[in-house]
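Undergrad: There's a structure below that I have some questions on.
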Amino acid sequence: MSAYIVNDNVINRIVAMLWADAAGGDRYLSHPIKRLGYDVPSNPKLLARHMHNLNRFAIWERYLHREPYSHQFKDMWADDRYQTLVDLQCFLYQCSEGRADQSHLFKALYDVKQTLMLVLLRETDAFQKTIWNKE
């Protein structure tokens, strides 16, 4: 497997989705991140910085090569939850080298990904038409 530093907007969209969820009424997506002590609405840059550092750590674990800190945070909207899901999958895949996937942040983001997948699935017509406890 090859690993690389993800595009800045991958991290920025994930953080934006978590910001919107934490600032809104639902909070089911951002709950695993909040449990780690992140207050995304107050300080989204902190989460973005830690995510980038996790990605850098995975590169170190894979290649024993230090990548310089290069992430540029910018506020953005994450209005396409399917794109954000793919961003989460990409980020987690790139951070699955060595011990990086054992970090609390990785595990919390994995939980976010699983919850987002379930939310998106439940909203589909096919899922809505299924029958609970079908014979």
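Undergrad: Once you mark the trypsin sites (Lys or Arg not before Pro) that are in a DSSP loop and have at most 15 other Cβ atoms within 10 Å, what is the longest gap between them in the chain?
TA: Within the chain, the longest run free of exposed trypsin sites (Lys or Arg not before Pro) spans 28-65.
Undergrad: Sticking with this one: Arrange V6, V112 by Cβ neighbour counts within 10 Å, fewest through most, would you?
TA: If I rank by nearby Cβ atoms, fewest first, I get V6, V112.
Undergrad: For the charge dipole of the stretch 1-115, defined by +1 on Lys and Arg C-beta atoms and -1 on Asp and Glu C-beta atoms about the Cα centroid, which residue among S2, P32, H104 has the Cα displaced farthest towards the positive pole?
TA: H104
Undergrad: Based only on other Cβ atoms within 10 Å, what is the fewest-to-most ordering of M51, M76?
TA: Ordered by Cβ neighbours within 10 Å, fewest first: M76, M51.
Undergrad: Another question, then. What are the extents of the Cα atoms of the stretch 69-133 along their three principal axes, listed from largest to smallest and rounded to whole Å?
TA: 49, 29, 15
Undergrad: Could you pull out every one of the lysines with an alpha carbon less than 22 Å from that of K45, ignoring same-chain neighbours closer than 8 positions?
TA: Partners found: K34, K74, K107, K113.
Undergrad: Sticking with this structure for a sec: Take the alpha carbon atoms of the stretch 25-58, find their center, do the same for the stretch 59-105, and report the distance between the two centers in whole angstrom.
TA: 12 Å
Undergrad: Just in the stretch 1-54: which chymotrypsin sites (Phe, Trp or Tyr not before Pro) are loop by DSSP and have at most 15 other Cβ atoms within 10 Å?
TA: Y4, Y28
Undergrad: Dipole of the chain, Cα-centred, from +1 at each Lys and Arg C-beta and -1 at each Asp and Glu C-beta, to the nearest 20 debye?
TA: Dipole size: approximately 320 debye.
Undergrad: Please identify every one of the chymotrypsin sites (Phe, Trp or Tyr not before Pro) in the stretch 81-135 that sits in a loop by DSSP and has no more than 16 other beta carbons within 10 Å of its own beta carbon.
TA: W132
Undergrad: Of all GluC sites (Glu not before Pro) in the stretch 23-123, which ones are in loop regions per DSSP and have a Cβ with at most 14 other Cβ atoms within 10 Å?
TA: Those satisfying the criteria are E123.
Undergrad: If you don't mind, there's one more thing I want to ask. Determine the sum of side-chain charges near F57: Lys and Arg each +1, Asp and Glu each -1, restricted to other residues whose C-beta is under 12 angstrom from that of F57.
TA: Result for the neighbourhood of F57: 0.
All of the numbers you see were taken from the coordinates with simple rules; none came from a lab. These figures come from a predicted structure and were not determined experimentally. Neighbour counts run over all protein chains shown; Cβ positions are idealised from the backbone, glycine included.
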